[in-house]
Amino acid sequence: PPRSTLFPYTTLFRSDQLKREAPSVFAEVAHDSTSARYTQIPTIQVVDALRTEGWMPVLAAETRVRDASKMGFAKHLLRFRHQDELGRAFQVHDKVSEIVVVNSHDGTSTYQLHAGIFRFACANGMIVADSTLETQRVRHSGDVVGNVIEGVYSIVEDLPEVESKIERFRGIRLHTDEQRALAGAAMALRWDGVAPVVADTVLQPKRVSDRGDDLWTVFNRIQENVIRGGLRGFTHDQNGRPKRTRTREVKSVNENVRLNKALWMLADEMAKLKA
């Protein structure tokens with residue numbers, strides 16, 4: 001992805017970059033497995049329509065498929081930011097609202113529209129859970145492009161609710177045990193069975209500015225460490241002997257969306273408990 005002098009993802013994605021990162025965006029026909037009622041609208045048409053409305057793509061990702069016949073039709077994720085936010089000199093801990101679009105052309109996904117938040121420090125955007133804003137879903141039938149645009153503006157209207165919740169998170173202080181409990185719940189969501197790291201590792205800040213004990217800062221540390229990986233830990237080989245390991249980044253579109261939304265819900269529940 002393009003990088004500015006301050007932070008990643010502050011400039012828009014060109015079409016050639018989209019094609020490199022998510023070729024399924026340009027699929028002209030649907031996969032053979034789709035039904036006759038499926039209306040094929042290439043995602044690039046939605047991208048172009050959103051550009052016209054002032055929403056510019058800043059990141060693209062695509063799921064790797066095992067079935068070779070589905071290459072070029074796979075589930076893909078795009079993040080859009082309003083043109084008014086592009087080119088600004090953001091500072092550490094600034095945040096900006098985004099629209100996250102998920103789609104596929106193999107019949108495995110409708111158009112999904114989510115609210116997103118990008119925090120300028122970790123370069124790892126989060127996706128807001130359904131409990132805060134209802135996810136907009138658009139079927140591959142009828143006026144797909146028009147319905148997507150309508151869904152985007154429905155999400156935009158509710159973004160102040162997200163901002164309000166974030167400010168509430170900022171005002172909640174977590175004790176050490178509460179931070180560990182939140183990290184432990186996040187670890188259970190990320191890893192089946194025994195996690196390769198301990199809660200204190202997941203809570204470890206990567207920069208001095210992330211050392212706060214408010215819920216928003218703690219949540220961001222957990223989200224960054226769980227999603228981006230790179231944490232040193234231990235696992236066991238087939239003989240039960242411990243061995244060093246490093247956690248992997250979450251690259252799957254499905255898992256990224258699922259985990260992001262689940263982590264947001266954890267933070268929201270913690271806020272309710274503290275209230």
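Over the stretch 11-126, give the accessible area per residue in Å² for a 1.4 Å probe, as an integer.
Value returned for the stretch 11-126: 42 Å² of accessible area per residue.
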Which of the trypsin sites (Lys or Arg not before Pro) found in the stretch 245-274 are loop residues per DSSP with 13 or fewer other Cβ atoms within 10 Å of their Cβ? ARG248, LYS251
Links that overshoot a 26 Å alpha carbon limit, given the list LYS75/LYS261; LYS95/LYS261; LYS95/LYS206; LYS95/LYS272; LYS75/LYS272; LYS165/LYS206: LYS75/LYS272
Taking the stretch 64-119, the equivalent ellipsoid from its C-alpha gyration tensor has semi-axes in Å, biggest first, of 31, 11, 9
Only loop residues by DSSP count here, and only those with at most 12 other Cβ atoms within 10 Å; note down the GluC sites (Glu not before Pro) in the stretch 5-88 that meet that. GLU28
With Rg/Rh (Cα atoms, Kirkwood Rh) as the read-out, I listed (i) 0.98; (ii) 1.04; (iii) 1.13; which label goes with the value calculated from this structure? (i)
Counting all Cα-Cα pairs in the stretch 112-269, those more than 19 Å apart amount in percent to 58
Pairing the Cα long axis of helix 144-170 with the longest principal axis of the chain, what angle in degrees results, from 0 to 90 and rounded to the nearest 10? 20
Could you report the stretch 213-253's accessible area per residue, 1.4 Å probe, as an integer in Å²? 58
May I ask you to list the trypsin sites (Lys or Arg not before Pro) in the stretch 148-236 that are in a DSSP loop and have at most 11 other Cβ atoms within 10 Å of their Cβ? ARG207, ARG211
Between GLN238, GLN17, GLN179, find the one with the highest GNM mean-square fluctuation for the chain; connect C-alpha pairs within less than 10 Å. GLN238
Summarise the accessible area of the stretch 1-142 (1.4 Å probe, protein heavy atoms) by the percent that is carbon and sulfur. 47
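The values are calculated or read from the model by the stated rules, or taken from the named source; none is laboratory data. Only a predicted model underlies this, so the values are computations on that prediction, with no experimental measurement involved. Reconstructed Cβ throughout: ideal geometry from the backbone, glycine too, with neighbour counts over all protein chains shown. We work out accessible area using only protein heavy atoms, side chains counted, and drop any ligands, DNA or RNA first. Shrake-Rupley method; radii C 1.70, N 1.55, O 1.52, S 1.80 Å.
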